[in-house]
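I have placed the structure first, in the form of structure tokens, so that the comments after it can refer back to it.
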Ligand SMILES: [Zn+2]
């Protein structure tokens with residue numbers, strides 16, 4: 001495939017990821033962004049412009065090619081576009097691990113609320129959402145500073161708190177989710193949000209948050225990426241009202 005054609009496909013995917021995250025309520029308004037590493041020196045990132053109408057309405061043209069210095073990755077890429085203030089979230093998360101090709105930085109209210117309520121993400125359910133409960137079993141770390149992560153020192157601090165986990169909760173702020181693909185990075189965010197919502201519901205019903213029985217884990221298999229990612233992503237795209245290709 002021609003290089004430009006591949007880039008266009010990747011722009012489409014990152015834009016779609018932004019719209020899916022917004023449709024799931026993981027971002028509101030104009031805050032939050034996704035990125036995708038394309039090679040050692042370049043990444044695509046959701047940028048801002050004077051015609052930007054918010055994350056839910058992200059267009060493929062909002063996804064720009066930049067370098068790891070935050071400069072235009074090719075002629076004209078940043079003409080009329082600005083990188084997000086929190087670009088270091090993406091750069092430092094990618095620098096920390098070559099497996100972090102896609103990064104989603106989102107502001108999901110339920111996750112923020114659950115953390116502020118003192119709730120730790122734990123595997124409180126099983127087959128309800130196996131990828132989500134596995135995420136919780138391995139622990140979801142928290143970056144305790146509620147700052148805007150606008151420089152590399154803060155980005156590195158967040159990554160240190162992440163400690164090799166795929167998702168970190170940024171207290172009073174949002175989450176950063178990293179994965180090999182855009183789909184997985186966003187789906188991890190959706191799973192974490194579901195878990196936070198359920199935790200809040202259990203607490204609201206005055207229930208206690210209890211981890212599932214140890215014996216359940218043997219029968220909570222990894223159903224594979226064809227189901228957990230491909231099928232799940234088809235659904236996310238289908239439920240978008242604009243149903244983009
Ligand atoms: Zn943020």
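Values quoted throughout were computed directly from the atomic coordinates according to the rules given, and no laboratory measurement underlies them. Model, not experiment: these values are computed from the prediction. Every residue, glycine among them, receives a Cβ derived from its backbone with ideal geometry; neighbour counts consider all protein chains shown.
Quick notes on this structure:
- GNM top mover of 225, 215, 177 - the chain, alpha-carbon springs below 10 Å: 215
- Here the convex hull built on the C-alpha positions of the chain has a volume of 126 cubic angstrom per residue.
- In degrees, nearest ten, helix 3-23 long axis to first principal axis of the chain (Cα): 40 degrees
- For the residues 70, 172, 118, a GNM of the chain with alpha-carbon springs under 10 Å puts the largest fluctuation on 118.
- Distance between the range 214-230 and the range 105-154 - C-alpha centres, whole angstrom: 20 Å
- Degrees separating the helix 87-96 axis from the principal Cα axis of the chain, which is the longest one: 70 degrees
- Counted residue by residue at 0.36 nm each, then reduced by the alpha carbon distance between them, the extension gain from residue 128 to residue 145 reaches 3.0 nm.
- According to the calculation over all Cα-Cα pairs in the range 1-135, the P(r) per 10 Å bin from zero is 12, 38, 33, 14, 3, 0 %.
- Here is the P(r) of the range 150-191: all C-alpha pair distances, binned every 10 Å from 0, give 28, 54, 18 in whole percents.
- Considering only 175, 30, 63, the Gaussian network model of the chain with Cα springs below 10 Å gives its largest mean-square fluctuation to 30.
- Rounded to 10°, Cα long-axis angle of helix 182-204 versus longest principal axis of the chain: 40 degrees
- Burial ordering of 2, 173, fewest other beta-carbon atoms within 10 Å first: 2, 173
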